[in-house]
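Visitor: First the structure, which I've put down as structure tokens, then a few questions once you've had a look.
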């Protein structure tokens, strides 16, 4: 989940700078990373 959190932080920075497309791309990547982390965590149980 650390990677997803970092991607969201970077996306917010890009959004503040007006780079909407890149911010959106990083948000999509963060969603995918979060999904992977959740799957791995549920597989552990």
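Visitor: Just one of [x] 1.48; [y] 0.96; [z] 1.12 is Rg/Rh (Cα atoms, Kirkwood Rh) calculated from these coordinates, so which is it?
Guide: [z]
Visitor: Given the DSSP H assignment, sum -39500 (n - 2.57) over each helix run of at least 4 residues in the chain and divide by its residue total; what's the result at 222 nm in deg cm²/dmol, nearest 500? Don't jump to the answer; show the numbers that get you there.
Guide: On the way: 2 runs with 39 residues, N = 45.
Using -39500 (n - 2.57) per qualifying helix, the result is -29500 deg cm²/dmol.
Visitor: Please compute the length gained on full extension between residue 16 and residue 32, using 0.36 nm multiplied by the number of residues separating them and subtracting their Cα-Cα distance.
Guide: Numbers: separation 16, 0.36 × 16 = 5.76 nm, distance 2.23 nm.
Computed gain between residue 16 and residue 32 is 3.5 nm.
Visitor: Pop a pseudo-label 7 angstrom from the Cα along the beta-carbon direction at both residue 39 and residue 2 and give the gap in nm to one decimal.
Guide: With each label placed 7 Å out from Cα toward Cβ, I get 2.2 nm.
Visitor: Angle, helix 2-16 long axis vs. longest principal axis of the chain, Cα atoms, 0 to 90°, nearest 10?
Guide: Helix 2-16 sits roughly 20 degrees off the main axis of the chain.
Visitor: In addition: Most exposed first by the Cβ proxy, i.e. fewest other Cβ within 10 Å, how do 39, 22 rank? Write out the running numbers ahead of the final one.
Guide: Numbers: 39 10, 22 15.
So the residues, fewest neighbours to most, are 39, 22.
Visitor: Moving on to the next point. With an 8 Å cut-off on Cα pairs and a minimum separation of 6 or more residues, tell me the relative contact order of the chain in percent.
Guide: On the way: 31 pairs, mean separation 19.7, N = 45.
Averaging sequence separation for qualifying contacts and normalising by length gives 44 percent for the chain.
Values in this text are rule-based calculations from the coordinates and carry no lab data. Model, not experiment: these values are computed from the prediction. FYI the Cβ positions are ideal-geometry reconstructions off the backbone, even for glycines, and counts take in every protein chain you see.
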